[in-house]
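*Asks:* Below you'll find the structure I mean.
The values are calculated or read from the model by the stated rules, or taken from the named source; none is laboratory data. These numbers come from a predicted model, not from an experiment. Glycine also receives a Cβ, built like all others from the backbone with ideal geometry; neighbour counts cover every protein chain displayed.
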Amino acid sequence: MEEGARSCLLQSRSSLEQDIRASYLMDHMISDGVLTGDEEDRIRSKPTRREQAVALLELLLRKDNQAYISFYNALVRESYGDLASLLHNSLPLVSPEAEKSFSDGGTRYVQAVLSEGGVPQRPVVFVSRPALMNRVREKLYRLQKEPGWVTVFGMAGSGKSVLAAEAVRDHALITECFPGGVHWLSIGQLDRSDLLVRIQSLCFRLEQQSQEKDPSSSLHRPPGSLEEAKERLRFLMLRRYPRSLLILDDIWDSSVLKAFDIQCRVLLTTRDRSLADCVSGPKSEVAVESGLEEGQALEILALYVNRKPQRLPEQARSIVRECKGSPLVVSLIGALLREFPDRWAYYLHTLQQKKFKRIRKSSSYDYDALDQAMAASIQVLSEEHRELYIDLTVLEKDVKVPAKVLSVLWDLEPEEVEDVLQDFVNKSLLFRDCHHRPYLYYLHDLQLDFLAEMNRSGLEVGLIHSNQWRLKGPPTSGDEECLYWFRFLTYHMAKANLTQELYSLMFSLDWVRTKAQIMGPAHLINDYLEYSTILDKEVRGHFQEFLSLNGHQLEQRPFPDVVQLALSQPDSSEVYRQALLQAQERATRG
Ligand code: ADP
């Protein structure tokens with residue numbers, strides 16, 4: 001229910017509770033389909049009129065705009081005109097457009113079939129992509145007469161899953177092509193044992209549903225191996241659920257797809273266009289563009305902030321342009337704006353600065369998804385291809401390049417380059433502009449940003465390695481860069497996840513001596529506290545104890561002999577152990 005309506009109900013609550021007779025109103029609401037028989041029974045079971053009224057309002061507040069309208073109409077019909085007038089000004093506008101955007105479309109039958117099959121509902125804020133959806137439906141109609149595969153492919157966050165769920169939200173399609181139902185299975189990245197568990201639970205779900213319809217059929221023990229699971233599924237789809245559609249969401253691996261190669265009807269979403277090559281039967285595919293059209297993206301923002309698209313501030317267009325209409329990112333920003341409606345300029349700026357981390361952190365939504373999805377896409381590349389892909393950071397934003405340029409960059413033969421590029425394009429990691437000959441290749445902005453981010457931490461690792469040798473002895477005076485590294489090396493190591501290196505550095509008496517000499521013991525103590533969660537607790541304790549006992553000495557100039565000081569630590573201490581080694585070394589050297 002929209003905010004205005006809910007607020008009005010809350011304000012009028014006590015007057016309504018005082019006067020209404022819930023039992024009269026509920027009949028109308030049931031016939032409008034906004035209240036169920038069960039709900040009515042629960043309300044009627046309350047002993048007094050007032051308690052019934054309280055319960056009805058409580059329930060109504062959790063319902064949608066339609067329920068509010070139905071309740072209002074019921075008040076009018078039951079001659080509560082004065083109460084109805086309290087609600088009148090906040091009646092939600094149910095224009096066909098708003099209806100399209102907010103309600104979960106489809107008939108009751110469709111809703112029942114989809115919810116039984118585990119098909120996700122529409123996102124709360126939704127815009128339709130009719131051309132794209134018709135393309136998917138047209139391909140699904142081809143499965144009417146025979147089994148086969150429809151692949152919906154595109155980059156992460158382009159709206160494939162939403163589209164797949166939307167495509168089947170259609171009465172005619174289900175009754176004509178998939179009277180056996182639609183069964184949704186979220187896959188994602190998984191190993192064989194995860195896959196077995198997924199198929200086991202699908203089989204269980206299917207068996208349970210069919211048992212409800214036909215109690216004489218029996219439940220089996222779960223299949224014990226992937227082979228057995230595949231056979232069980234084949235049997236179920238063939239005998240109990242003929243002419244049903246299986247939707248496999250977010251498939252990564254062709255070996256996963258092979259487990260479903262059982263002559264049934266499958267719609268799959270993936271970033272990898274070529275996945276279905278490995279399975280048998282008729283195939284077709286639909287490409288999902290990475291971005292929405294400007295109007296649609298603006299509509300999403302408008303719905304989030306509950307304004308008309310024409311009344312959005314000018315930054316809205318720039319936001320859409322900046323993220324190239326990515327449904328995921330537009331929804332992310334929309335969700336943030338709903339919480340902070342004055343931050344148009346701020347979020348635009350954040351987007352322009354590519355401070356995605358900032359956006360993600362302040363969001364309660366799971367939008368690490370984009371980065372994670374990108375990272376995972378890159379992870380499935382072969383090691384060789386991964387390195388080549390990361391090299392693409394050098395591409396300029398919005399510049400499309402022919403394969404030849406990349407052949408220079410990678411120092412590979414043009415044919416090899418073509419093969420590599422094909423792999424990237426198939427996995428939606430790269431885009432190809434086919435309007436030109438030779439073809440031009442380019443990265444989505446978000447991909448470029450992600451790569452830049454990745455390379456930055458890569459650079460960090462490189463920087464650390466190339467600088468470590470310089471830190472062995474005290475820097476010459478005025479060596480600003482060297483001082484910088486003494487100060488921030490630990491920080492960079494922690495950030496680049498070089499935990500092992502951080503250990504060896506911070507648990508080394510040499511480092512303690514040099515850093516204490518240059519910066520004083522306070523910085524060192526601070527480091528141990530700062531990285532306390534990463535470092536081994538016991539050894540960290542040894543170093544902290546040494547520093548706190550000897551801090552005042554380490555402030556002295558001339559600088560004391562650290563080995564001597566350390567030898568007075570308990571002999572179970574790591575500090576003592578290292579000091580002893582050094583003392584012995586000194587002795588042997590004379
Ligand atoms: P993909 O499967 O391609 O990774 P999803 O279908 O999961 O992408 O969509 C990612 C997010 O983008 C969704 O959670 C939703 O917030 C938003 N989104 C996608 N399609 C739409 C749409 N048609 N209308 C509104 N938001 C959408």
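*Asks:* Only one of these conditions is not met by S115: (1) under 26 Å from Q447 (Cβ atoms); (2) more than 15 Å from the ligand (Cβ to nearest atom); (3) not charged (D, E, K, R). Which number is it?
*Replies:* Unmet for S115, out of (1) under 26 Å from Q447 (Cβ atoms); (2) more than 15 Å from the ligand (Cβ to nearest atom); (3) not charged (D, E, K, R): (1).
*Asks:* Does R273 meet the test of being basic (K, R), out of contact with any Lys or Arg (no Cβ under 6 Å at 6 or more places or on another chain) and more than 22 Å from Y346 (Cβ to Cβ)?
*Replies:* Here the answer is yes, as R273 does meet what is asked.
*Asks:* Scan segment 162-173 and report the pairs whose first residue is more than 10 Å from T107 (Cα to Cα) and whose second residue is near the ligand (Cβ under 8 Å from one of its atoms) and of a type in the set (S, T, N, Q), with Cβ atoms within less than 6 Å and a gap of 6+ or a chain change.
*Replies:* A164/T269
*Asks:* Can you tell me which residue is surrounded by the most Cβ atoms within 10 Å (Cβ to Cβ) among those in segment 169-191 that are more than 11 Å from the ligand (Cβ to nearest atom) and within 23 Å of the chain's Cα centre (by Cα)?
*Replies:* H183
*Asks:* Still on this structure, please answer the following. Please return the ranges of helices (runs of 4 or more DSSP H) entirely within segment 502-590 where 2 or more residues are touching a helix residue (DSSP H, G or I) at 6+ places or on another chain (Cβ under 9 Å) and within 18 Å of H492 (Cα to Cα).
*Replies:* Because the criterion is at least 2 residues that are touching a helix residue (DSSP H, G or I) at 6+ places or on another chain (Cβ under 9 Å) and within 18 Å of H492 (Cα to Cα), the helices (runs of 4 or more DSSP H) in segment 502-590 that meet it are 509-519, 521-530.
*Asks:* Look through segment 529-542, keep the residues that are within 19 Å of A566 (Cα to Cα) and buried (at least 18 other Cβ atoms within 10 Å of the Cβ), and return whichever of them is farthest from the chain's Cα centre (by Cα).
*Replies:* H542
*Asks:* May I ask you to list the residues in segment 54-73 that are under 14 Å from S31 (Cα atoms) and either within 32 Å of the chain's Cα centre (by Cα) or surrounded by fewer than 20 Cβ atoms within 10 Å (Cβ to Cβ) (or both)?
*Replies:* Passing the criteria: Q66, I69, N73.
*Asks:* Tell me, please, whether a residue that is of a type in the set (D, E, K, R), in contact with a Leu (Cβ under 7 Å, 6 or more places away or on another chain), part of a helix (DSSP H, G or I) and modelled with pLDDT under 95 can be found in segment 14-22.
*Replies:* Yes, there is a match, as at least one residue in segment 14-22 is of a type in the set (D, E, K, R), in contact with a Leu (Cβ under 7 Å, 6 or more places away or on another chain), part of a helix (DSSP H, G or I) and modelled with pLDDT under 95.
Yes or no, residue by residue, for (1) within 16 Å of the ligand (Cβ to nearest atom); (2) at pLDDT 85 or above:
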| site | (1), (2) |
| --- | --- |
| R321 | no, yes |
| G325 | yes, yes |
| R338 | yes, no |
| Q352 | no, no |
| R358 | no, no |
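*Asks:* If you don't mind, another one. Look through A84, A112, A131, A74 and report the one residue that is modelled with pLDDT under 85 and either assigned to a loop (DSSP other than H, G, I, E, B) or of a type in the set (A, V, I, L, M) (or both).
*Replies:* On the way: A84 fails: modelled with pLDDT under 85; A131 fails: modelled with pLDDT under 85; A74 fails: modelled with pLDDT under 85.
Exactly one residue qualifies, and that residue is A112.
*Asks:* Pairs under 9 Å by beta carbon, first residue more than 20 Å from G180 (Cβ to Cβ) in segment 110-129, partner assigned to a helix (DSSP H, G or I) and away from the ligand (no atom under 13 Å from the Cβ), six or more apart or different chains?
*Replies:* Every condition considered, the pairs that remain are Q121/Q111; Q121/L114; Q121/S115.
For every residue, the table says whether it meets (1) farther than 24 Å from G148 by Cβ; (2) at pLDDT 90 or above; (3) within 16 Å of the ligand (Cβ to nearest atom); (4) of a type in the set (D, E, K, R).
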residue: R221; (1), (2), (3), (4): yes, no, no, yes
residue: G224; (1), (2), (3), (4): yes, no, no, no
residue: M237; (1), (2), (3), (4): no, yes, no, no
residue: Y241; (1), (2), (3), (4): no, yes, no, no
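*Asks:* Condition check: acidic (D, E), surrounded by fewer than 17 Cβ atoms within 10 Å (Cβ to Cβ) and farther than 16 Å from S508 by Cα. Does E545 satisfy that?
*Replies:* no
*Asks:* Only residues that are buried (at least 16 other Cβ atoms within 10 Å of the Cβ) and within 13 Å of the ligand (Cβ to nearest atom): list them for segment 129-150, please.
*Replies:* Those that are buried (at least 16 other Cβ atoms within 10 Å of the Cβ) and within 13 Å of the ligand (Cβ to nearest atom): R129, L132, M133, V136.
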